[in-house]
């Protein structure tokens, strides 16, 4: 991964092709947020609700990533840091609500989980393919890639949870997957925070 460890110059998003792909990914995420938040409420699935929240957060943070392209490294690193904080907050929220549901378990509708999970997976695979050639870059660009990758993994997990709910007739598989997704959010948040902080320290050292 060029520039990630030695802080050499990395791709900063200044590409018309990247901008077009990022706009397309923002539109995909915004549409899927609406679909999943409705489906999650109707089916009672905590995993779907967690995934819907992820779609919403991605839409907002991708918009921020698009807005700061071309700005100074300090601005881009600061925005990436803020995205890391928001991703960590989202992970903690999902983890907290999942723990709450452990004591109040309802059985979600496996069929709805499976159908929406497959639709969301298709949307996220499309996003991943659009961004694949831009997965390495500064903290701002890399945060977009990590979020998109997490989404695809999360949707596979939701489908596995749907199968588990259908097979066991309990809500435990749904809760387990929601917990795993929360852990994934937290892990990615730490990676984004570490890289953005490293870029800011590197910038400060360059001005020293």
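For region 128-135, indicate whether the set of residues that are in contact (Cβ under 8 Å) with a residue 60 or more places away in the chain, over 18 Å from residue 33 (Cβ atoms), more than 12 Å from the chain's Cα centre (by Cα) and loosely packed, with under 15 Cβ neighbours inside 10 Å is non-empty. The answer is no, given that none of the residues of region 128-135 is in contact (Cβ under 8 Å) with a residue 60 or more places away in the chain, over 18 Å from residue 33 (Cβ atoms), more than 12 Å from the chain's Cα centre (by Cα) and loosely packed, with under 15 Cβ neighbours inside 10 Å. Of all residues in region 176-208, those that are within 21 Å of residue 37 (Cβ to Cβ) and crowded, with 23+ Cβ neighbours inside 10 Å total 4. Selection over region 42-64 of residues that are within 18 Å of residue 131 (Cα to Cα) and crowded, with 23+ Cβ neighbours inside 10 Å gives a count of 5.
Note on region 142-163: residues that are more than 13 Å from the chain's Cα centre (by Cα) and crowded, with 19+ Cβ neighbours inside 10 Å total 5.
Conditions (1) over 17 Å from residue 155 (Cβ atoms); (2) modelled with pLDDT of 80 or more; (3) in a helix (DSSP H, G or I); (4) in contact with a strand residue (DSSP E or B) (Cβ under 6 Å, 6 or more places away or on another chain), marked per residue:
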position	(1), (2), (3), (4)
21	yes, yes, yes, no
37	no, yes, yes, no
55	no, yes, yes, no
90	no, no, yes, no
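Just need a number here: residues in region 81-97 that are over 13 Å from the mean Cα position of the chain (by Cα) and either free of Cβ contacts under 8 Å to residues at least 40 places away in the same chain or surrounded by 24 or more Cβ atoms within 10 Å (Cβ to Cβ) (or both). The qualifying residues number 2.
The values are calculated or read from the model by the stated rules, or taken from the named source; none is laboratory data. All figures in this text were calculated on a predicted structure; none of them were measured in a lab. Here Cβ is always computed from backbone atoms with ideal geometry, including for glycine, and neighbour counts include all displayed protein chains.
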